[in-house]
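None of the figures in this text is laboratory data; all of them are computed from the coordinates on show. The structure presented is a predicted model; accordingly, all values stated were derived computationally and were not measured. Cβ atoms come from the backbone with ideal geometry, glycine included; neighbour counts cover every protein chain shown.
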Amino acid sequence: MKTILLTGGNGFIGKNIQESFLADKYHIVAPRSFELNLADTQAVDDYFKDHSFDVVLHAATKPGHRNAKDPTNLFYNNVRMFENLVRHADKFGKMINFGSGAVYDVAADNRLVTEDQIGLRCGKDDHSFCKYVVHKRIENLPNVMDLNIFGIFGKYEDWEIRFISNAICKTLFGLPITLRQNRRFSYLYVNDLMPILEYFIENTPKYKSYNVTPDAETELLQAAQLIQKIAGGKNEIRIAAPGYGLSYTGSNARLKSEIKNLQFTSLEKAITELYTYYQTNQDKIDRNLLLEDK
């Protein structure tokens, strides 16, 4: 049984990993931030004096989204956490870094972008620039790879701001589903991430970087209409601005050429499962936090 260090274990993706089949197949060690402060170089150095791992799944990040408690020093903290880990590359077999479609620059119109387009733009905001800098480092590290995750949804995500969960929660309270503008996303159901992680845990990748995206793009309006249908069709859909906003989608051709017979959950099935989850846990949702779009 391989031993895996999971960073960010208390986050959305980390929690789902620990509840997936991966937790039965591998010994997953997921220290909380108060147990291992990844931004503290000395703390990480001390930790690796007594620990070694087959694989590091690096999912920890300091968020800069609109619901973040403290979005300051995002670039410094995220790059420092990464560097504090890779300086101990002799203590693990490989690292799988949870990157982002932001490596292509979130201020651009990214429509089915491919991995060979990384570097054509260098994002100006801290989030995009951070992903770019870390990716360039990974290109020159022998045992580290990067997963470019665009949109990802599922239980434990922040339902106050994440569109699919937010829309589902609004329907449960009879509120309208709201969109600033229709956009195209590569929305990955979090459960579909697990077999991809299993593959890269078990195999040596051919490339340093992969877009982790489903086969089809998802329009926000399409997702809203599915949620409306699943909820019984009574909730209004409101769109603030006409037309399309910037696309945020990536091609999965490289990923599917390497992982044969890779299957993705249909959007309708994934949303239905997530709707059932929120319906079961409706008592944990504060309706007042759904009344104003952040």
Too long for a 32 Å Cα-Cα cut-off, among Lys15/Lys260; Lys94/Lys170; Lys2/Lys229; Lys69/Lys131, are Lys94/Lys170; Lys2/Lys229
tail above 31 Å in the computed P(r) of the chain, as % of all Cα-Cα pairs, reads 28 percent
Checked against the positive end of the charge dipole of the chain (+1 on Cβ of Lys and Arg, -1 on Cβ of Asp and Glu, about the Cα centre), the farthest of Ile17, Tyr132, Thr61 is Tyr132
With segment 1-43 reduced to its Cα atoms and the Debye formula applied, log10 I(q)/I(0) at q = 0.19, 0.20, 0.33 1/Å amounts to -0.57, -0.62, -1.14
In debye to the nearest 20, the charge dipole size for the chain, taken about the Cα centre with +1 at each Lys and Arg Cβ and -1 at each Asp and Glu Cβ, equals 420 debye
In nm, the gap between the two label points placed 7 Å beyond Cα toward Cβ at Glu198 and Thr3 is 2.4 nm
